Structures are given as C-alpha cells and as structure tokens.
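What follows is a single structure, written as structure tokens, with notes after it.
The values are calculated or read from the model by the stated rules, or taken from the named source; none is laboratory data. These numbers come from a predicted model, not from an experiment. Here the Cβ is made from the backbone with ideal geometry for all residues, glycine too, and neighbour counts use every protein chain on show. Areas reflect the complete protein model, heavy atoms only, side chains present, ligands, DNA and RNA absent. Shrake-Rupley method; radii C 1.70, N 1.55, O 1.52, S 1.80 Å.
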Amino acid sequence: MATKNILIVPGDGIGQEVTAVGKKVLDAIAIKFGHTFHYDEALIGHVAIEATGEALPAESLQKMRQSDAVLFGAVGHPKYDNDPSAKVRPEQGLLKMRKELGLYANLRPIKLFDELLSASSIKPEILKGADILFFRELTGDIYFGEKGRKNDGDTAYDVAEYSKYEVERIGRKAFEAARTRKKKLCSVDKANVLETSRLWREVIQKLALEYPDVEVEHQFVDSTAMMLIKNPCRFDVVVTANLFGDILTDEASQIAGSMGMLASASIGDGTGVYEPIHGSAHDITGKGIANPLASILSAALLLDISFGMKEESELIISAVDQVLKQGFRTVDIADKSTKPEQILGTDAMGAAVLKFL
Ligand code: IPM
Ligand code: MG
C-alpha cells in the first residue's frame, strides 16, 4: 500500500477527454490495491496560453517537479498550425517540460493486441507477433539546437546537435532494456550524411562492447522506415535520435492498429511523464469519440515504471485486452466485423475497461 502524488496535465483538445478516463482507471486501481493517490491538475499548451500567456507557466512546472508522476494529455491547436508567425506556441510548453524535467528517454512500446490485427492497414500475416520498444532521445537534436532566420529573414536554420554524453545515456537505457527482452538492439541514424549521426554511431559501437550479450545492428533511418512496414517482426529494441524517433514512431503506430492505442513514457532524472503518442486531434474534440485506451495504457506504464507496481499495471493491460476480446471498439479501431452496438465513445470505452478491473 503506497501513497503517491499524481499530477494530471490534460492540455489541449482530446487530451482533456482521454486523461479524465486515464485518471478514473488510476482511481480504480488505488481502491482495488489499497493505495492512496492524491491528484492535482496543471495547465500546459493552448489552454495555458489562454489563461496565462505562457505555454508552460512556472506554477505548472513547479507542480510537475513536486509530483511523483505526471499523466499527460496532448498539446496543440489548429490556430497556430496556420499561423507560422505566432511567437508563443502550445508545443513550446511540451518541449520546455521535457527539457526542464530532464526527460531524455522517451519509451514508445509498439505492441499489437491480437484482436486488432485487422484494424491495421498492414497485412495481418506481416504484423502478427510484432513487438517493438522504441527509445527516442527527447531533449537534444534539431529540436533544441539554435534556430533562427538570416538574410533579412529569407533563410531559416535549425541546428542539430548531440554530445557523446547525451547519446550514451539514452544508449545505455536501450541496451539495458534489450537485455530484458530478445537481446536485439537496432540503432537508427543517418551516418552516411550527418555528423551528429556519425557521433551517435561511434558512441553506440563503443557501448556495445559493454553489452556483448546484446546483438547490435546499425540502420539508416530511410531504410528503417521501409523495413518497419515490410517486416516489423525483425525488430526488438530500437534506439534513435529525437526527430527520427518522432517520425518512425508515428509510422510504427500503424503496426498497433491506431495512434489511439499507443502510450509512451518519458523518463530521465526526475518525475516521469506518461502520455499517449497521439496529438490533440481538434477535428474530433468534444465529440466524445476519442479512443481513451492510449491514456489508459499510459496510466499502466506510469504505475509500472514510476511506482514499480507491476501487478497493477498488468491488470490494466489485461482489462484492455478483455474489452477488445469482447469486440468493443472506438471508431478508430473498428472494422467491418464490428457491430454498431459495439462501437463505443470515450466514456463508454473507459467504463468497459473499469468493469474488467
Ligand atoms: C510527439 C509530438 C511532439 C514532438 C510535438 C507535439 C511537439 O509529435 O510527442 O511525438 O514532435 O515531439
Ligand atoms: Mg510526434
């Protein structure tokens, strides 16, 4: 029986709807296992800009630092996507949070629930058995290098930068994880073109000497993008830089049927942050149809990684599995065989998972 402080940071769009469900699942776990979870809420993204003028107010950051874990929703608003000149943007809140909390490792497990084999646009026989754990570096690269304009604003630049230290710490996490899995690590870079990638490869090669039990391969990012679709089962643990990881994990979400299924954990030196990999999805916001399973699975990751509550975490995953086995689907993962009465909205899907808990 443990007492923990969990900060709920819903952010924008469907972030609000799905984290509300994720929180209910945490509540149910607390009751079942006799834990005490205290909750607080904080603002980030567009809602924070509207309320305070800042994408990540100091108060939110303070609350994050003081909590034991953060359940996060999403940030973003279409208003900014069509206005490249906006100085304050929702995504700045997310990036600042990652940097300030030292969240350098983003774990994105890609695992297909058998029941969803037909929900993916990839052939079932290619997908079956796919189980990949991505380690995306999260506080370096072109995301955080110097950026700006020159030549009277006619030319723009974003600098990609990595230090050996940054590559080594994410590399170690990936090697350690590979040890607990199939002992295969694929390091993804673009070392035929980029100097940062050559440094990346050098560091991973050196680290590999310390992990002789792990089989390491180096792949270029373009070829990896192709292999993920052609033969996803060949991968076990994948480690890559911030931008490559951003792109490859969206692609890999199709292996799991839908973006709506994928949870992620951002960890580092302090408080861990757990969030769906999907965005704020303003096109479906307020309609009550968003898939809450990624937030529910994020709650499961939170319990496992930040609190060491393995049994609690597995119970959530098996409840999700049961609900899918019963044929219940949100629209994004429904297929031809789904009966209309089995298509559930956000809250109903949450209630179905709670029933199995
Ligand atoms: C993600 C998102 C973010 C990123 C955006 C919203 C800044 O796409 O978490 O993958 O690019 O890291
Ligand atoms: Mg992304």
Taking the Cα centre of each part, how many Å lie between region 1-48 and region 83-146?
-> 21 Å
What does the accessible area per residue of region 88-146 come to in Å², with a 1.4 Å probe and no ligands, DNA or RNA counted?
-> 38 Å²
Going from the alpha-carbon gyration tensor of region 121-255, what semi-axes, largest first and in whole Å, does one get by taking the root of 5 times each eigenvalue?
-> 28, 20, 11
Kindly sort Lys123, Lys99, Lys173 by accessible area of their heavy atoms, largest first, with the probe set to 1.4 Å.
-> Lys123, Lys99, Lys173
Where does the chain land on the Kirkwood hydrodynamic radius, alpha-carbon pairs, in angstrom?
-> 21.0 Å
Placing +1 at every Lys and Arg Cβ and -1 at every Asp and Glu Cβ, with all other atoms neutral, what dipole size does the chain have around its Cα centre, in debye to the nearest 20?
-> 620 debye
Packing rank of 137-148, 213-224, 29-40, 246-257, where each peptide gets the mean count of other beta carbons within 10 Å, highest leading = 246-257, 137-148, 213-224, 29-40
For region 121-255, the dipole about the Cα centre with charges only on Cβ (Lys and Arg +1, Asp and Glu -1), to the nearest 20 debye, works out at 500 debye
Shape call, region 8-123: gyration tensor on alpha carbons, a/c limit 1.5 = oblate
Inter-site label distance for Asp335 and Glu311 at 7 Å from Cα along Cβ, in nm = 3.6 nm
Check region 121-255 and count each lysine pair with an alpha-carbon distance under 23 angstrom, considering only pairs eight or more places apart or from different chains.
-> 24
Under 15 Å from the Cα of Lys336 - aspartates and glutamates, other chains or at least 8 residues apart = Glu115
With springs only between Cα atoms under 10 Å apart, run a GNM on the chain and tell me which of Asp83, Asp189, Asp158 wobbles the most.
-> Asp83
Residue order for Thr196, Thr19 - accessible surface, 1.4 angstrom probe, largest first | Thr196, Thr19
If unit charges are put on Cβ atoms (+1 for Lys and Arg, -1 for Asp and Glu) and the dipole of the chain is taken about its Cα centre, the option from Leu209, Val188, Gly257 lying farthest towards the positive end turns out to be Leu209
Could you look at region 121-255 and say what percent of its accessible area is carbon and sulfur, using a 1.4 Å probe and all protein chains?
-> 53 percent
Candidates Arg149, Arg179, Arg234: whichever shows maximal mean-square fluctuation once the chain is modelled as a Gaussian network with Cα springs under 10 Å | Arg149
Please report the Cα spread of region 164-210 along all three principal axes, rounded to whole Å, starting with the longest.
-> 32, 19, 16
For all pairs of alpha-carbon atoms in region 172-325, what percent lies in each bin of width 10 Å, listed from the first bin to the last filled one?
-> 10, 31, 37, 18, 4, 0
Burial order of peptide ranges 272-280, 105-113 (average beta-carbon count within 10 Å, highest first) = 272-280, 105-113
